[in-house]
Amino acid sequence: MTLLFDPSLYSVISLIGLAWTLLTLFVMLSPTGKRLLSNPLGIAIAAAALVPSLGFVTSQIKVLTALTGGIPPLDVQFGYQQHEIVQFAHALNEGGRKMYAQFQLGADTLAPPAFCCFLMCVYRSTIRSNGVRTLCDGMAFVYLASVLIANTLMPVIILNYPAQDGLVLSTLYWLVPLCDTIKYSVHGLAWLIILTAWVKQLADMRSSRQNPSLT
């Protein structure tokens, strides 16, 4: 774990990602933040922040994929397991493994809060049901927490490769893939809930127009 205290693994981008993550937690958990997210203008602002963040991360993923001879980074593999981690780490040389750790602790800290902010702006400003918004708040928190755990601890696995034994590493080899699986699953489920809520709202609006006496 002391590897995480190596200053060469971090950059200005790491600080930006940290600040953005803290801001995301603020707007997620505070009453003031929730009010800000309820403004439809927030969707455009969040989208404007998401697009360049995603573009930058995607460009770094292409570089890492080229280094491994075509194996995509673990972040973009859904449901990967220990043997995929070993395969990916083996395909990188020592310098490549450090580059991947720097990516996880640097560029890859930008996309999660960007995705999370966009998600929150959408359901906060378009969903009328307090229950659905509260459910989505919980899912947004789980999504962000799982991403932070995975991105923070994957460098420990990669930088210790080829070592895989010991309590810490053996735990991380199942914990980190689990967190990444939760990340994708919860994010996808949140959007499914949002779409379902939209359909219900449209159905309710249509019903109220056809039966104005019921409103």
Let me check I've understood the local charge: for ILE194, count other residues with C-beta under 14 angstrom from its C-beta, Lys and Arg +1, Asp and Glu -1. What total comes out? +3
Acute angle (nearest 10 degrees) that the helix 130-160 long axis makes with the longest principal axis of the chain, alpha-carbon atoms: 10 degrees
Given the Cα-Cα distance of LEU167 and ALA49 and 0.36 nm per residue of separation, how much length would full extension add, in nm? 38.5 nm
Between helix 167-210 and the chain: long-axis angle, C-alpha atoms, 0 to 90°, nearest 10: 20 degrees
Could you tell me the calculated FRET efficiency between PHE5 and SER185, based on Cβ-Cβ distance and R0 = 22 angstrom, to the nearest 0.05? 0.10
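Which peptide among 46-53, 155-162, 107-114 comes first, and what is the full order, when sorted by highest mean count of other Cβ atoms within 10 Å?
Descending packing order for the listed peptides: 107-114, 155-162, 46-53.
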Here the equivalent ellipsoid of the chain, derived from its Cα gyration tensor, has semi-axes (largest first, whole Å) of 38, 18, 15
Tilt of helix 41-67 relative to the longest C-alpha principal axis of the chain, in degrees (0 to 90, nearest 10)? 20 degrees
Mind checking which lysines have their C-alpha under 27 Å from LYS98, skipping anything on the same chain fewer than 8 residues away? LYS62, LYS183
Translational diffusion coefficient of the range 158-210 at 10 °C, 1.306 mPa s, Stokes-Einstein with Kirkwood Rh over Cα pairs, in µm²/s as a whole number. 110 µm²/s
Would you mind calculating the relative contact order of the chain from Cα pairs under 8 angstrom and at least 6 residues apart, reporting the percent as a whole number? 26 percent
Around PHE103, what is the net charge, scoring Lys/Arg as +1 and Asp/Glu as -1 over all other residues with Cβ under 13 Å from its Cβ? +1
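Bear in mind that the values in this text are calculations on the coordinates, not laboratory data. Note that the coordinates shown come from a computational prediction; the quantities given were computed from them, not determined experimentally. For neighbour counting, all protein chains shown are included, and Cβ atoms are generated from backbone atoms with ideal geometry for every residue, glycine included.
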